[in-house]
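Here the structure comes first, spelled out in structure tokens, and everything after it is commentary.
The values are calculated or read from the model by the stated rules, or taken from the named source; none is laboratory data. Keep in mind that this is a model prediction, so the values were computed, not measured. All Cβ positions, even for glycine, are placed from backbone atoms using ideal geometry, and neighbour counts span all protein chains on display. The area values use the complete protein model at the heavy-atom level, side chains included, leaving out ligands, DNA and RNA. Shrake-Rupley method; radii C 1.70, N 1.55, O 1.52, S 1.80 Å.
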Amino acid sequence: MKLLPQKALIPLKKAPLFALSILIISASLLGGCRDTISSTVSIEASTAAAPSNPKDSKEPVSFWVATDTHYLDKALQDGGAAFQSYVSSGDGKMLPYSDELMEALVYDVQQQKPEFLILSGDLTNNGEASSHKQLAAKLKRIEELGTSVYVIPGNHDLFNPWARSFKGDQQIVTGHITDEDFTALYADYGYDEAISRDQNSLSYVVSAAPGLWLLMIDSSQYRNNEKYEFPQTDGRILPETLDWMDDCVKLAAEQHASIITVMHHNLLSHTSMPISGFKLNNSQETMKMLRKDGLNLVLSGHIHMQDIRRDPATGQESTADSDALPVYDIATSAFAVNPHQYGAMTFDPLSRKVSYNTVSVDVEGWAAAEGITDPNLLNFKAYAEQSFAGGSYNKALNNLQDSPFTESEKQSMAEMMSKLNVKYFAGQAASAAAEIKAMPGYKLWESQKEGFMSGYIDSMLEPQEVSKVSLEMILTTQ
């Protein structure tokens, strides 16, 4: 094993969410569907291979979507100086309780019994092989409870040279996995149930419920990670994969099925600021294909904050044809980051109506049921918010050190940034805008009219035409 000093490893400035989190706290840093598996794939065989559904096809189906779980195997960290430094310098992920968060998700599944669970990428912290193995074991327990699981990789999950364990004051290079490892580890969680798999990526299509198919799209770029020595964060959908998707839509039409498209990267911009690496590099080409095929709902993640966007934007000018099919992109916030939530969804096969609402995982209920005495877990909502707010406060204060403001003013500005971050990542900043703008710290940030931060803060507080945390819409029928 290769030992490295704490400061010598994982340059966080290259991490996908680091750019966003620093921008928040500092002005300066701040083949076709039919033949990809077999040329003789038949619809009858595909339907037989689909997961059984105990409910009548006319009944609404409940399902969940979670993203950016960033699971870290507990055996890879000892809570020592290296790990604590890594966590405190990161982007707010609750890594010390990573295992407990996933256990609480299993508990929620046991209590609520959704028909299926979607995990849309960044399953692990940095693609550690043991993290993948431990997570797959938890997903097996979820499926044993009667809930099917469907996964796709994110930019952290494959060929990741940043895979590390933490011991004392050292980070230790640990094993990561390949694309072949991924499909083997997660064979039972989508890949073996696929109606078809894309030959050019880890994308697949699956019949998740009567009348509902999922296009699980691999949008990540990981082939050059080892050469670059860091995980590539931007995403795209290959032209060949777009062609495959088009063929899958035609196959779904023969079954009169509606489709939800799932990917790790965003289809639409979820901030008005020019931040790269989150929206698909070929988002316009992808949108054109989705509209042509009548696909009007995308579930994504990657950006870590909770947001729902619609194109064409409701009540606003759009670069798209105003008569074009409205397409929604729901970016569910990172499960690993406060408020540790997932999207609880329903699909009605008769009306094709889909609903979406955010729900925080019930860590407190799980901890009480397990007889756990850790006060942080028994009071997790308050603990998690305080931890996230405290981290935001400390980073903001640190980045104001060389500013001309007085210490009292810096503290006021950090306090405002801390509160805004909590609301923003939960998708609630717009509803708290009046309260935040009344804070003294807001006025101090705004006094820097020539600075970047005043514009960025205003973008976080801009009003939205649609809710960021809930949605009802009708899927098109293929």
* Asked: Only one of (1) in contact with a helix residue (DSSP H, G or I) (Cβ under 8 Å, 6 or more places away or on another chain); (2) modelled with pLDDT under 95 is not met by G455, so which one is it?
  -> (1)
* Asked: Pairs under 7 Å by beta carbon, first residue β-branched (V, I, T) in segment 124-149, partner open to solvent by 20 Å² or more (accessible area, probe 1.4 Å), six or more apart or different chains?
  -> T147/K113; T147/E115; V149/E143
* To do: Please work out which residue is farthest from Y222 (Cα to Cα), limiting yourself to segment 175-211 and to residues that are open to solvent by less than 30 Å² (accessible area, probe 1.4 Å) and out of contact with any strand residue (DSSP E or B) (no Cβ under 9 Å at 6 or more places or on another chain).
  => A187
* Is it the case that some residue within segment 396-409 is under 23 Å from the mean Cα position of the chain (by Cα), surrounded by 16 or more Cβ atoms within 10 Å (Cβ to Cβ) and modelled with pLDDT under 95? -> no
* Structure fact -> Sole miss for A252 among (1) farther than 17 Å from P349 by Cα; (2) open to solvent by less than 10 Å² (accessible area, probe 1.4 Å); (3) in a helix (DSSP H, G or I) is condition (1)
* Considering only segment 124-158, state which residues are in contact with a helix residue (DSSP H, G or I) (Cβ under 8 Å, 6 or more places away or on another chain), of a type in the set (S, T, N, Q) and open to solvent by less than 10 Å² (accessible area, probe 1.4 Å). => T124, N125, S131, T147
* Residue check, K133 of a type outside the set (A, V, I, L, M, F, W, C), part of a helix (DSSP H, G or I) and over 27 Å from Y383 (Cβ atoms) -> yes
* Structure fact -> Within segment 327-367, the residues that are assigned to a strand (DSSP E or B), in contact with a Pro (Cβ under 9 Å, 6 or more places away or on another chain) and within 22 Å of K279 (Cβ to Cβ) are V327, T358
* Which of the residues spanning segment 153-208 are part of a loop (DSSP other than H, G, I, E, B), within 21 Å of W244 (Cα to Cα) and among the charged types (D, E, K, R)? -> D192, E193, D198
* Asked: Residues of segment 411-438 being open to solvent by less than 10 Å² (accessible area, probe 1.4 Å) and within 12 Å of A396 (Cβ to Cβ), which ones?
  -> M413, A414, M416, M417, L420, N421
